Amino acid sequence: MRASVEKEGGAGAAGERAARAYRFADLSGYSFRERLLIRAADLAFYLVIGLAGRTARFRVEGREHWEAAHAGGPPIMAFWHDQIFLTTYYFRRRGIVVMTSQSFDGEYIARFIQRFGYGAARGSSTRGGVGALVEMARLVRAGRPAGFTADGPRGPRHAAKPGPLLLAKKTGRPVLPFAVNAEKFWTLPSWDRLQIPRPFTRATVRVAPPISVPPDADDRALEQKREELQRALDAVSGDS
């Protein structure tokens, strides 16, 4: 009886944890001005991304890699930060969980991606990115796909970091590198040269073969996998 109650309690906690990732966070810790700015930025990005996405014309290359990565469960998706606009729109409403920082910028980003059906893993306030990675691992094991900007959140631009590979090691799910390449876009003078797709642009979603990471991978093996991820993202983005 006690074991049954504990099991039900654990299932309930896991369900609440998953639901929390898809809900707006409480903004009471921010000033009135900050709350207004967060809400304004949230809505502005939601509207701009929605407009760009609704008018874009997508085609997909590498569907076989997509299907292979989803065999047995959800993958860990990885892409470059500068392609976040059309990526957010194209993969909307799939329950993908992404990592966001516990900061002013992280909060409005979390809110507009949640409007598109994504989950936000923030982790604990004391453990920062490590806590968010642990939270993402729990959600992936519970059947949620994960998404990573492989060079985020601050760069260097188009330099793959080990985050998605560490999550793959923890969960046993493969990393799926991909790119969403718009033909016509404006470029912002930001660290990532963020692409703002022009209305009615064509865009190609290119998917690379999935990358598996053994659970016993050491630092050397992880670096080899990071280099493999770098090459794959360069190739689908046209950087190689």
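The values are calculated or read from the model by the stated rules, or taken from the named source; none is laboratory data. Nothing here was measured: the structure is a model prediction, and the numbers come from that model. Cβ coordinates were reconstructed from backbone atoms using ideal geometry, including for glycine residues, and neighbour counts include every protein chain displayed.
Taking region 216-240 as the range and being closer than 22 Å to residue 194 by Cβ and not in a helix (DSSP H, G or I) as the test, the residues that pass are 238, 239, 240.
Taking residue 233, is it out of contact with any helix residue (DSSP H, G or I) (no Cβ under 9 Å at 6 or more places or on another chain), buried (at least 20 other Cβ atoms within 10 Å of the Cβ) and not charged (D, E, K, R)?
Working: out of contact with any helix residue (DSSP H, G or I) (no Cβ under 9 Å at 6 or more places or on another chain): yes; buried (at least 20 other Cβ atoms within 10 Å of the Cβ): yes; not charged (D, E, K, R): yes.
For residue 233, the condition - out of contact with any helix residue (DSSP H, G or I) (no Cβ under 9 Å at 6 or more places or on another chain), buried (at least 20 other Cβ atoms within 10 Å of the Cβ) and not charged (D, E, K, R) - is met.
I'd like to check something: does region 122-136 contain any residue that is loosely packed, with under 15 Cβ neighbours inside 10 Å and modelled with pLDDT of 95 or more? Within region 122-136, none of the residues are loosely packed, with under 15 Cβ neighbours inside 10 Å and modelled with pLDDT of 95 or more. For residue 195, the conditions (1) surrounded by fewer than 18 Cβ atoms within 10 Å (Cβ to Cβ); (2) closer than 26 Å to residue 55 by Cβ; (3) not aliphatic (A, V, I, L, M) all hold with the exception of (1).
Would you tally the residues in region 154-197 being under 21 Å from residue 225 (Cβ atoms) and of a type in the set (Ser, Thr, Tyr)? Can you show your working first?
So in region 154-197, the residues under 21 Å from residue 225 (Cβ atoms) come out as 155-179.
After this cut, where a residue has to be of a type in the set (Ser, Thr, Tyr) as well, the list is 171.
Looking only at that region, the number is 1.
Kindly establish whether residue 72 is modelled with pLDDT under 95 and in a loop (DSSP other than H, G, I, E, B).
Details: modelled with pLDDT under 95: yes; in a loop (DSSP other than H, G, I, E, B): yes.
Against the criterion (modelled with pLDDT under 95 and in a loop (DSSP other than H, G, I, E, B)), residue 72 qualifies.
What tally of residues in region 25-56 results from selecting those that are surrounded by fewer than 12 Cβ atoms within 10 Å (Cβ to Cβ) and outside any helix (DSSP H, G or I)? Qualifying residue count for the region: 4.
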